[in-house]
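First up is the structure itself, then whatever we jot down about it.
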Amino acid sequence: MQETVENEVKLILAEAGTSTIQNPFYINFGREVYKLKNKFTGAQLLNTVDITINKWVGKGLDRDTLEKIRNTVFAIAAPAP
């Protein structure tokens with residue numbers, strides 16, 4: 001299952017034109033969200049994934065790409081404001 005997730009993340013990165021040097025970081029984000037999805041549900045999942053996105057944005061990744069991975073690969077919506 002994790003291999004499928006990684007392949008889907010790679011497709012999004014190719015569409016976004018992400019530099020290949022950054023791909024491992026986005027794949028690590030995908031792995032982290034995969035683990036969170038297996039651990040949490042509901043609002044706790046939404047909030048934890050949002051915190052994870054903020055962490056990776058702080059490390060220099062693109063928020064829009066991370067959100068697209070969240071939405072497309074994991075079918076997780078953004079938390080309510």
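With a simple spin-label model that places each label point 7 Å from the Cα along the Cα-to-Cβ direction, the separation between residue 28 and residue 43 comes to 3.2 nm. Across the stretch 31-37, computed HN-Hα scalar couplings (Karplus, 6.51 cos²θ - 1.76 cosθ + 1.60, θ = phi - 60°) run 4, 5, 5, 4, 5, 5, 5 Hz from first to last residue, x flagging Gly and Pro. Here the chain is treated with +1 on each Lys and Arg Cβ and -1 on each Asp and Glu Cβ, and its dipole about the Cα centre works out to around 260 debye.
With n ≥ 4 as the cut-off for DSSP H runs, can you work out [θ] at 222 nm for the chain, using -39500 (n - 2.57) per run divided by the number of residues, rounded to the nearest 500?
Numbers: 4 runs with 61 residues, N = 81.
Helix contribution divided over all residues of the chain: -24500 deg cm²/dmol.
Share of pairwise Cα-Cα distances greater than 19 Å in the stretch 1-71 is 27 percent (whole percent).
Each residue of the stretch 49-58 is assigned a 3J(HN,Hα), and the resulting list reads 5, 4, 4, 5, 4, 4, 4, 6, 5, x Hz, derived from the Karplus form 6.51 cos²θ - 1.76 cosθ + 1.60 (θ = phi - 60°), x at Gly and Pro.
Each value in this text was obtained by applying a stated rule to the coordinates, not by laboratory testing. This is a predicted model, so every value here is computed, not measured. Glycine also receives a Cβ, built like all others from the backbone with ideal geometry; neighbour counts cover every protein chain displayed.
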